[in-house]
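One structure is given here, and the rest of the page talks about it.
Laboratory data are not the source of any read-out in this text; all were calculated from the coordinates shown. Here the structure is a predicted model, which is why all the values come from computation and not from measurement. Ideal geometry is used to build each Cβ from the backbone, glycine not excepted, and the neighbour counts take in all protein chains shown.
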Amino acid sequence: MTNKFLEEIFKSFKLPLTEKRRRLITEAFVFAQKAHQGQKRKSGDDYIQHSLETAKILAEIGMGSKTIAAGLLHDVSEDTPIQLDEIEKKFGKEISTMVDGITKLGKIKLRGSREEYFLENLRKMFLAMASDIRVAIIKLADRLHNMKTLSYLSPEKQQRIAQETMDIYVPIANRLGIGGIKEQLEDLCFQYLDPDNWAYIKELREKHYKQGEKYISKAIKEIKNEFKKSGIEIKEIYGRAKSLYRLFLKLKKYEMDISRIYDLIAIRVIVVEVVNCYEALGIIHKKYRPLVGRIKDYISLPKPNGYQSIHTTIFGPEGKLMEVQIRTEKMHQEAEFGIAAHWLYSEKEKNKSFFKKYIYAGAKNKVPKEELRWVEQLRDWQKEIGRDDEEFIQGLKIDFFKKRIFAFTPMGDIIELPEEATPVDFAYSIHTEIGNKTIGAKVDGKIVPLDYQIKNGQMVEILVSKENKLPNRKWLNFVKTSTARAQIRKQTKKDNLL
Ligand code: MN
């Protein structure tokens, strides 16, 4: 069985395409095609086209053959008479569990107020993510294709789906670090939710892109030359245009004055090793004068979603200001594909150490420990307080939508926290015991009160009591993380019983 589009999926597949993998994907396609036989999308396409497009997005971000198979099958048990156990019999438990997870996510009841519905959606997403993160990734790919074909739906549906995508799927793509999908989703939502501004920005960008292009290509040529002289290899160098929605947000910050935006088009330099990034910065600064205060080293201090690169704004050819972004290939993959890049690396390099970091929640259910600890935390915390609690809403806003900061332990470990988090939050993020025993804290070497608000990049040292001790209930007045809150509650409740 051949299909032209299936061949494109194979072409996009980033892992070695073994016979076994090719067979699995082909079999999933044949099965899904038969199941969706005769069904049409609103666009007039055969339904299977949607499954194929979803699978192709998964292949492009580097997912493995099982995830791609589940992507092909993702609407089978929901929209056709085929039952889940048939999928399990043919494709095994791992794939059928993924399909089941996606089907469950699709069965969200549209009851109650928008906020209630929103939270219910989010809650289901967290639960699905905590049991198998691949379900969330398939759902993102599914949503991306649905957004691309949104024009075929009624205006009411367009609004509802675009809003839901902006509220739920964009933040999830962001937290999973899948920048490629996040930006595409944002731009599509922007188009439907704010069509006037979208059209305005689109035209504005095109106009300025045309003007900037010749300086950019000149700079690229000159940079290539400098690198050649230095003997450092450039993997790739190109100009990238800022996404429409990101450009709109930035323009709003600068009174809609586009002459103040220097990264409308940026030059992206991709090098081999981390050390080359710093060498590249030196080469570029030697050639072009940098703009003071605009050098950002996100390699030594990554953004909270894990993003790593060096950014600098330079006076390029003819004194034109432009941004240069320097990163390794690995950083680039991670910026575009986020969590998905880890699958790619662990399989490609036959390096199973990443998988060792997984928490085995079930036989095949994996959640990477460090990268997705926040998913685990949300799930645990939610179990403790119950879903309808008013605090759940508060906590979600704090834990999920608030900006994140990084703080360091004296050993240099990075602890991720929401903005305005305190030393008590920091202590509980390390360990419950440390949280309970906290008696004081130092930030960058100086004693601070326990309600001090930690800033990005600070080093925090927790002073602990040698004896066992219970947390102070008054801490509830200032802690910012749900983990700390839940633990303080739990521990002091025990205290009351004694
Ligand atoms: Mn679908």
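Backbone N atoms of the range 419-440 closer than 16 Å to the 7 Å Cα→Cβ label point of Lys474 belong to residues 423-424, 438-440. Counted over the range 195-335, the DSSP beta bridges are approximately 75% antiparallel. Zone of Ile439 (label point 7 Å along Cα→Cβ, backbone N under 17 Å): which residues in the range 462-489? Residues passing the 17 Å test: 462-473. Modelled label-to-label distance, Tyr262 and Asn3, 7 Å Cα→beta-carbon offset: nm? Output for this residue pair reads 4.9 nm.
Among the listed pairs Lys207/Lys455; Lys11/Lys252; Lys207/Lys253, those with a Cα-Cα distance over 30 Å are Lys207/Lys455; Lys11/Lys252. Give me the dipole magnitude in Debye, nearest 20, for the range 2-192 about the Cα centre, with unit charges on the beta carbon: positive for Lys and Arg, negative for Asp and Glu. The dipole of the range 2-192 has a size of about 260 debye.
Rounded to 0.05, the FRET efficiency of the Ile295 and Asp194 pair, given R0 = 30 Å and the Cβ-Cβ distance, is 0.35. Over the C-alpha atoms of the range 176-324, the Rg to Rh ratio, Rh being the Kirkwood estimate, stands at 0.98. Spin-label model, Glu222/Glu318: points 7 Å from Cα along the beta carbon direction are separated by 1.2 nm. Computing FRET efficiency as 1/(1 + (r/R0)^6) for Leu153 and Gln37, where r is the C-beta to C-beta distance and R0 is 22 Å, gives about 0.40. Taking 0.36 nm per residue of sequence separation and removing the Cα-Cα distance, the Tyr209/Lys104 pair yields an extension gain of 33.4 nm.
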